[in-house]
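Okay, so here's the structure we're looking at.
The values are calculated or read from the model by the stated rules, or taken from the named source; none is laboratory data. Note that this is a predicted model, so its numbers are computed, not measured. Virtual Cβ from ideal backbone geometry, glycine too; neighbours counted across all protein chains shown. We work out accessible area using only protein heavy atoms, side chains counted, and drop any ligands, DNA or RNA first. Shrake-Rupley method; radii C 1.70, N 1.55, O 1.52, S 1.80 Å.
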Amino acid sequence: MSGIKLVVADIDLTLTTSDRRFTEKTKEVIARLHEKGILFGIASGRPVDAISLREKEWNLKYPVDLMIGLNGAELYDVANEKMYNYFNLKREWMKEIIDFMEPYSDNMFKYYGKRMMCTNIDPVTEIHNRGEREMFVVDKAELYKEEAPILLFRMSEANVIACEKEIEKKNFVDYQGFKTQTTLIEFSDKRISKGFALSEFCKMNNIDLKDVATFGDTTNDNGMIEIAGMGVCMCNGSDDTKTLANYITEYTSDEDGFARFVEKYILK
């Protein structure tokens with residue numbers, strides 16, 4: 001497909017392998033996009049400052065053009081050096097969410113500046129944090145003392161499945177819950193999504209969404225996959241995301257699925 005002006009991709013299990021490696025082939029393809037004049041951006045559940053740290057670790061040939069953080073609650077326009085923050089959860093909503101999630105969650109946490117507040121520090125949460133923030137343990141009531149863009153809940157895969165069903169039944173008015181990993185559910189204001197932040201960036205930079213290609217693997221990627229002219233789900237992705245996608249990659253993230261797809265359909 002020709003005419004693509006912007007490519008935006010999720011990180012984990014999309015750009016990176018199951019053991020979180022950023023392959024040389026992926027780096028090469030991203031460089032080729034830049035050299036062809038096609039913008040490239042990252043869209044993640046992590047905060048923008050954490051994405052910036054990881055970008056430095058990857059040692060890309062060129063800087064990325066945009067970063068969508070916290071599943072769309074943050075947007076950084078790199079070329080214009082502008083940061084945008086959208087729609088915090090209200091305190092009363094946060095309490096309702098925490099009460100609702102209590103039967104499912106093994107650990108509740110939120111980002112708080114350069115820190116991570118959590119109800120306990122466990123090995124999985126430490127891996128999730130990757131040393132990016134100081135972690136400190138709080139009572140669950142501390143989590144809703146101040147507004148925040150997202151709340152995160154770690155649990156078993158079985159509880160994620162059960163929780164998703166209950167979230168669908170509830171159909172919350174002001175906020176939304178969605179799966180971001182097989183053991184992680186996140187909540188945000190209902191207006192927030194990676195698709196929302198992508199739309200804002202495109203409006204500000206005069207890019208038509210039909211000229212955008214997006215890549216993801218699971219539910220928190222659905223918003224940007226649904227609105228893009230070329231929405232691509234990894235073949236290792238979840239069924240709900242595959243249903244919305246225009247394309248499904250032939251190869252997994254462990255087999256350079258993103259890079260191979262871009263070579264075949266965008267850089268050809």
Q: Would you mind getting me the FRET efficiency between LYS25 and LYS190? Use the beta-carbon distance for r and R0 = 22 Å, nearest 0.05.
A: 0.05
(Q) Based on C-alpha coordinates, I'd like the Rg and Dmax of region 147-231, in Å. (A) 14.3, 43
Q: Return a whole-number percent for the relative contact order of the chain, with Cα pairs under 8 Å and 6 or more residues apart as the contact set.
A: 20 percent
Q. What list of ³J(HN,Hα) couplings, whole Hz, do you get for region 125-140 from phi and the Karplus terms 6.51, -1.76, 1.60, once you set θ to phi - 60° and write x for glycine and proline?
A. 5, 4, 5, 4, 5, 6, x, 6, 9, 5, 9, 9, 8, 9, 5, 4
**Q.** Extension gain (nm, one decimal) between LYS268 and ALA158, 0.36 nm per residue minus Cα-Cα
**A.** 35.4 nm
**Q.** Label-point separation in nm, LYS203 to ARG115, each point 7 Å along Cα→Cβ
**A.** 3.5 nm
Q | Above-threshold pairs, the threshold being 28 Å between Cα atoms, out of LYS25/LYS165; LYS56/LYS140; LYS25/LYS114; LYS179/LYS264; LYS95/LYS194 | A | LYS25/LYS165; LYS56/LYS140; LYS25/LYS114; LYS179/LYS264
Q. How much solvent-accessible surface does TRP93 expose, in Å² to the nearest 10, with a 1.4 Å probe and all protein chains in place?
A. 30 Å²
Q) Once you charge only the Cβ atoms, +1 for Lys and Arg and -1 for Asp and Glu, what is the size of the charge dipole of region 95-224 about its Cα centre, to the nearest 20 debye? A) 220 debye
Q | Net charge contributed by nearby residues that have their C-beta within less than 12 Å of GLU142 (K/R +1, D/E -1) | A | +4
Q. Given the convex hull over the Cα atoms of the chain, what projected area results after averaging over all orientations, in nm²?
A. 13.0 nm²
Q: Counting other Cβ atoms within 10 Å, keep those with at most 13, restrict to DSSP loop, and tell me which GluC sites (Glu not before Pro) in region 44-92 are left.
A: GLU81
Q. Going toward the positive end of the dipole of region 1-66, with +1 on Lys and Arg Cβ and -1 on Asp and Glu Cβ, which of THR26, THR14, LEU66 do you reach last?
A. THR26
Q. LYS210 versus LYS145, label points 7 Å from Cα toward the beta carbon: distance in nm?
A. 5.2 nm
